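Okay, so here's the structure we're looking at.
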Amino acid sequence: MSTLTIALTLFVFALIIGVIVIGKVPATLHTPLMSGANSIHGVVIVGVVLVAVETSSVLGLILIFFAAVLGTANVVGGYTVTDRMLDMFKAKPKPAADNKEKEAK
């Protein structure tokens, strides 16, 4: 078997396993799980940098560029979702009208 065939087979198996695993996650846990997983894509960005050093072809550089853009978008998205989730747990400020009524009493 060629290296390309092995790489494509591994890629397809990884896709199938990923869909099966994520499909079994309950909806209430999906957002926290994905926000954490997306922030781990910082490893992808490190990999992009390491591969970029070895690449000399134009096609390789184009693919590296897209990998860097998608990895960065995933990292930023992961932290954005996490920030939104943490904002849901902050205490909400009380309306000003309630404070004036308490002061009047």
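Meeting the requirement of 1 or more residues that are at pLDDT 85 or above and closer than 29 Å to M88 by Cα, the helices (runs of 4 or more DSSP H) wholly within segment 1-58 are 3-23. For segment 87-98, check the following and say yes or no: at least one residue is assigned to a helix (DSSP H, G or I) and at pLDDT 75 or above. Scanning segment 87-98, I find at least one residue that is assigned to a helix (DSSP H, G or I) and at pLDDT 75 or above, so the answer is yes.
Please verify whether G78 is among the small types (G, A, S) and closer than 30 Å to L29 by Cβ, treating the condition exactly as stated. Considered against the rule, which asks whether it is among the small types (G, A, S) and closer than 30 Å to L29 by Cβ, G78 comes out as yes.
The values are calculated or read from the model by the stated rules, or taken from the named source; none is laboratory data. Keep in mind that this is a model prediction, so the values were computed, not measured. Here the Cβ is made from the backbone with ideal geometry for all residues, glycine too, and neighbour counts use every protein chain on show.
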